[in-house]
């Protein structure tokens, strides 16, 4: 077994030595021969394992492993075991390891990376294993992965389907945690950490920061076309297609320094709610400190907490803040200058990267542990006329992470990115001093919750261009996602789309009615519209459609489709394995008339008086889901205009889960006569006074997918009534 990591005695004022055990380069996966690549990946794996374990030598004692550096994170013992657990879990899932190595540790250390929020804390108690147990477990995992790399059969290129892809996945996952764990170590009480000669701090700590100025960035295109197999390992969110034209803007020459940020602090920026948005103000109120988290004030002087030391404030280093603080500074700066100062979007940062040719300066950047285990002055690493476009600290953007066109998840890690498609995780770009591997491969996209702290700062831009900050998110609610597929998915077993079919029946009924066919101002009400497909279909023919549903979750999807034109959702293939789908109104030819619809939440058994004066009412597949279907039917007549049409449909699947048996319209024996009572019979009894049945009942089949191999095949009976 190779380790390749040797600890040498180093002066902490010296840069990190550029030796193979620390300085790494991404593994090229689409070129080379099998045996050379096998050796290269084996060395990369062991180097990564060694480097991660070396990070934990900065803990002063075993007690430090069990402290929670941040109330939103597990103690470090979790993360010490988590990266090895990840290897085991993924390799077992890929059938590359015959069995688990330590089920208890693998259960405890599997999940817990993206805790939900600063005001929703999980205080569960964990009976953590000892440090020695986890260290021994890591040794066992190391041996197993080395054996796998040495013996597995694979071919070039290494792509998503290669048996070495999950090995690369585990390596790059551990490199992510190299960085996030260094942040947690930085948040421990200082007495629980110790300096390491392997992680020296930059000695340039004195002196003023340079004056920040805005420099021009010309207009240009951002084009992303990233497909598998690719040159380097990539996470799912990096793949796909994206193109945007970026108008000219100005960008700050330097990252915002501690000295520049101090002006905001001294201007009471943390106490002025006008500089913070709603979410930022909630965090500001919650946070006990009114300055950057890593700043310390002692004896009327400012200090900076680095990973393992506290030093006098290096004013020329970049300020490290969360997204809320960066945004508040920009609002304050805009007020001071009278200019449209803000954070860049992801696309604007990419344009700056290309304009400055920053990737040509990689060897000079403060990243990949090639300089120091800390920030450096903001004017130390040039990229053209700009500085620190890459490296030093990550740079917050205004853009929440979203999927590129063509996005798909890897089946071995289908929850890497999709939980962050929630408009609550913002992208940051550029990398920090400890970013390695995939984080610096030129394609990486990482996002954190806006209140989280990383080795992250920001630069600002001057631009009045609008930035998109809301994106469609994946719907994972089982019922809602199922109905998204029912309404907008592909047909199954040659059964036509149900919503489209009954919408067409309604359109045909109006066209065949001599009075209604002449009019162009018809008002239509759909009760039980669910996620909206039939309403959108009818909008192609009628000018005013109101869709109502009891479920706010369903109405939310209909409104989202109307506003954004698309919906993303997950549906099960089998068990916990999901399929990710996107549907759009444009693909269905519904986008041009969608604005004619209005979707509202409403109880069909208690409709508000305003819902009246309609020429057509459609209520399909809701009767047997209402708690008082008779009340609904007797309430309909006064909501329709004279001569109006009523289209009803139901499979008559009465169930006491939804409707008490006493309120069923059929499907039972009459208590006095003992005769069977059918629903159609009761419909006549309730409607014949005000309506006439226009045509014979029709059967309309529909199929609802539950999993890849389980479907509901049902038949709805549709009846058409005309108000007398």
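Once you place label points 7 Å from the Cα toward the Cβ at residue 100 and residue 672, how far apart are they in nm?
6.5
Between Rg and the Kirkwood Rh of the range 344-489, both from Cα atoms, what is the Rg to Rh ratio?
Ratio value, two decimals: 1.04.
Which value results when the Cα radius of gyration for the range 497-588 is divided by 2.2 N^0.38 Å?
The reported ratio for this selection is 1.27.
What is the helix-to-structure angle for 323-337, meaning the angle in degrees between its Cα long axis and the longest Cα principal axis of the chain, kept from 0 to 90 and rounded to the nearest 10?
So the helix axis and the longest Cα principal axis differ by about 80 degrees.
Kirkwood hydrodynamic radius, the range 256-402, all distinct C-alpha pairs: what's the number in Å?
One over the average 1/r among Cα pairs gives 16.5 Å for the range 256-402.
If you stretched the chain out fully between residue 130 and residue 57, how much longer would it get, using 0.36 nm times the residue separation minus the C-alpha to C-alpha distance?
Once the chain is fully extended between residue 130 and residue 57, it gains 24.7 nm.
Give me P(r) over the range 288-375, computed from all C-alpha to C-alpha distances, binned every 10 Å, as integer percentages.
13, 30, 38, 18, 1
Can you compute the modelled spin-label distance between residue 66 and residue 606, with each label point 7 Å from Cα toward Cβ, in nm?
5.4
If R0 is 56 Å, what FRET efficiency do you get for residue 287 and residue 519 from their C-beta distance, rounded to 0.05?
0.40
What is the order of 623, 304, 700, fewest Cβ neighbours within 10 Å to most?
700, 304, 623
For the chain, what relative contact order do you get, as a whole percent, if you take Cα pairs closer than 8 Å and at least 6 residues apart?
RCO, the chain: 11 percent.
What is the list of residues in the range 385-411 whose amide nitrogen lies under 16 Å from a point 7 angstrom out from the Cα of residue 339, following Cα to Cβ?
386-387
Taking 22 Å as R0, compute the FRET efficiency from the Cβ-Cβ separation of residue 92 and residue 159 and round it to 0.05.
With R0 = 22 Å, the Cβ-Cβ based efficiency is 0.55.
Just for the chain, what percent of DSSP beta bridges are antiparallel, to the closest 5?
Here the antiparallel bridges make up roughly 75 percent for the chain.
Calculate the radius of gyration of the Cα atoms of the range 550-612 to one decimal place, then report Dmax, the largest Cα-Cα distance, as a whole number, both in Å.
Spelled out, the Cα radius of gyration and Dmax of the range 550-612 are 15.1, 46 Å.
Could you tell me the relative contact order of the range 495-723? Use alpha-carbon pairs under 8 Å, at least six residues apart, and round to a whole percent.
After rounding, I find 19 percent.
log10 I(q)/I(0), Debye, Cα-only the range 575-724, no solvent, q = 0.14, 0.15, 0.17, 0.19 Å⁻¹?
-0.87, -0.97, -1.16, -1.31
Classify the range 34-192 as rounded, prolate or oblate from the Cα gyration tensor: take a ≥ b ≥ c as the square roots of its eigenvalues, call it rounded if a/c is under 1.5, otherwise prolate when a/b beats b/c and oblate if not.
prolate
Arrange the following residues from fewest to most other Cβ atoms within 10 Å of their Cβ: 576, 236.
Lowest count first: 576, 236.
For a quick size check, give me the Cα extents of the range 479-525 along its three principal axes, largest first, whole Å.
38, 23, 11
Using Cβ contacts closer than 10 Å as the measure, can you line up 537, 628 from fewest to most?
Sorted ascending by nearby Cβ count, the order is 628, 537.
Counting C-alpha atoms alone, how compact is the chain: give Rg to one decimal and Dmax as a whole number, in angstrom.
Gyration radius and largest Cα-Cα distance of the chain: 30.9, 99 Å.
Stretch residue 471-residue 681 to full length: gain in nm at 0.36 nm per residue minus the Cα-Cα span?
70.7 nm
How big is the range 214-471 by the Kirkwood estimate over distinct Cα pairs, in Å?
Mean inverse Cα-Cα distance, inverted, gives 18.8 Å.
Gain in length, residue 147 to residue 657, computed as 0.36 nm per residue apart minus the alpha-carbon separation, to one decimal in nm?
Full-extension gain reported as 178.1 nm.
Here, each number is a calculation from the coordinates, and none is a lab measurement. Small disclaimer: the values here were computed from a predicted structure and weren't measured. Methodologically, a virtual Cβ is constructed for each residue, glycine included, from the backbone with ideal geometry; neighbour enumeration extends over all protein chains shown.
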